[in-house]
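Inspection log for the structure reproduced underneath, given as structure tokens.
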Amino acid sequence: MAGEVHRPAVPVTRQSRDQDIQALVPRLVELGVTRAGQGWLLGLSVRRVRRAAQGLSVGPLTQDQRTRVGLLERICHALEPWDDARAWLACPNAADPFAGHSPIELAVLFGIPALVVIDQVLTSAATTDTEGEIHELAGDPDAPPTDQ
């Protein structure tokens with residue numbers, strides 16, 4: 001039915017949300033995101049991010065925070081195959097839609113809309129399965145040429 005909202009068959013519990021964040025924080029650290037940056041991206045205080053890093057409960061999450069967690073999980077998963085993912089996230093990027101910002105900077109500045117765009121860019125790159133695609137997304141002059 002049009003307009004129907006999909007509801008998960010299994011209710012999301014506080015424990016599962018905590019586990020999602022506890023698993024996500026080390027992945028963000030591996031990508032070079034500071035605790036403050038993690039807080040901005042997740043919509044959490046640095047104290048709550050620190051609690052997650054220690055394996056403790058972060059408490060209840062808003063819908064906004066749950067959306068951020070889901071998008072960041074997708075982004076981290078999409079970046080796993082690339083050795084230079086950390087550099088790609090941090091480097092200014094002339095390619096559309098980044099307009100000279102690094103993907104991480106864009107995410108901190110614009111929140112969920114930017115996370116959606118980053119997820120779409122990475123999903124598109126993964127589906128094309130092109131050698132050097134991550135370099136192309138960064139506008140790397142050493143990247144192999146592409147047909148345009």
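Since every read-out is calculated from the coordinates, none of them should be taken as a lab result. Note that the structure is predicted; figures quoted are calculated from it, not measured. Note that each Cβ is placed from the backbone with ideal geometry, even for glycine, and that neighbours are counted across all protein chains shown.
Suppose we keep just the alpha-carbon trace of segment 22-107; what are its Rg and Dmax in angstrom?
Cα only, segment 22-107: 13.1, 39 Å (Rg, Dmax).
Using 7 Å Cα-to-Cβ label points, what is the Arg27/Gln63 separation (nm, one decimal)?
2.4
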